[in-house]
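Asker: First the structure, which I've put down as structure tokens, then a few questions once you've had a look.
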Amino acid sequence: MQYLDVISINIWNILASLANLVILFLLVKRFLFKPVLRMIDARQAMIDGKISDAEQALATAEESRAAWEEKLSSAKEEADGIIKEATERAKLRADAIISEADEKALSLVRRAEEQIQLEKDKAESEIKHEIVDVSVALAEKMLSRKLSEADHRNMINEFISEIGEGDGTGN
């Protein structure tokens, strides 16, 4: 019967083991479980705080991004406006330069026409005087006597005036 003592159930041993287990459980709960729970709660609070800070930073960044996009859009519109205004001013300036050049060209053409008319009148006057001189010399030779130059000029001027009044058709 030696073997039966090893297999037998001793109630006092079971109760002592249960008492040890309960005491061990209470000690672990008191000195280990509660501090670990406090540490886990503290870490959870810290993590929650960091998550809320990150969410707040993300919201702030989104607001900043929206503000910058709005500023960028308004700056782009302003740049387009400035470019449009500069283009219009350049077009007006180009039109003014072209207009000024046209006026100068017309002025030069008018002056040239006036100069041509003056030169033409001067040439006609010189031709009349030469014709008068040639006619006087020719008349002197033909008449072999000398008439006064004033008489010759008057006669030639009358003749030239009559020729100038003609219509050029020979009638």
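Asker: Size of the dipole of region 1-117 about the Cα centre, Lys and Arg at +1 and Asp and Glu at -1 on the beta carbon, nothing else charged, in debye to 20? Before the final figure, lay out the partial values.
Answerer: Numbers: 16 positive and 20 negative charges, 222 e Å.
In debye, rounded to 20, region 1-117 gives about 1060.
Asker: Order the following by accessible area, largest value first: I98, I131. Probe radius 1.4 Å; ligands, DNA and RNA are ignored.
Answerer: I98, I131
Asker: Sticking with this one: Using only the heavy atoms of the protein chains and a 1.4 Å probe, how would R93, R153, R65 rank by accessible area, largest first?
Answerer: Details: R93 140, R153 70, R65 115 Å².
Greatest to least solvent exposure: R93, R65, R153.
Asker: Still on this structure: Ignoring ligands and nucleic acids, what accessible area does F25 show with a 1.4 Å probe (Å², nearest 10)?
Answerer: Spelled out: F25, probe radius 1.4 Å, area about 130 Å².
Asker: Further question on the same structure: Express in % the proportion of alpha carbon pairs of region 1-122 at distances exceeding 19 Å. Please list the in-between numbers first.
Answerer: On the way: 6000 of 7381 pairs.
Counting every Cα pair in region 1-122, those more than 19 Å apart make up 81 percent.
Asker: I would also like to ask the following. So how much accessible area does E162 have, in Å² to the nearest 10, using a 1.4 Å probe?
Answerer: 120
Asker: Separation between the V109 and R30 pseudo-spin-labels, each 7 Å from Cα along Cα→Cβ, expressed in nm?
Answerer: The answer from the label model is 12.0 nm.
Asker: Rounded to the nearest 10 Å², what accessible area does V22 show when all protein chains are kept and the probe is 1.4 Å?
Answerer: It works out to around 80 Å².
Asker: Would you rank V136, V36 by solvent-accessible area, highest first, keeping every protein chain in place and using a 1.4 Å probe? Each step should come with its number before you reach the end.
Answerer: On the way: V136 15, V36 60 Å².
Output order, biggest surface exposure first: V36, V136.
The values are calculated or read from the model by the stated rules, or taken from the named source; none is laboratory data. None of the values given here were measured: they were computed from a predicted structure. Cβ sites come from the backbone with ideal geometry, for glycine too, and all protein chains shown count toward neighbours. Areas reflect the complete protein model, heavy atoms only, side chains present, ligands, DNA and RNA absent. Shrake-Rupley method; radii C 1.70, N 1.55, O 1.52, S 1.80 Å.
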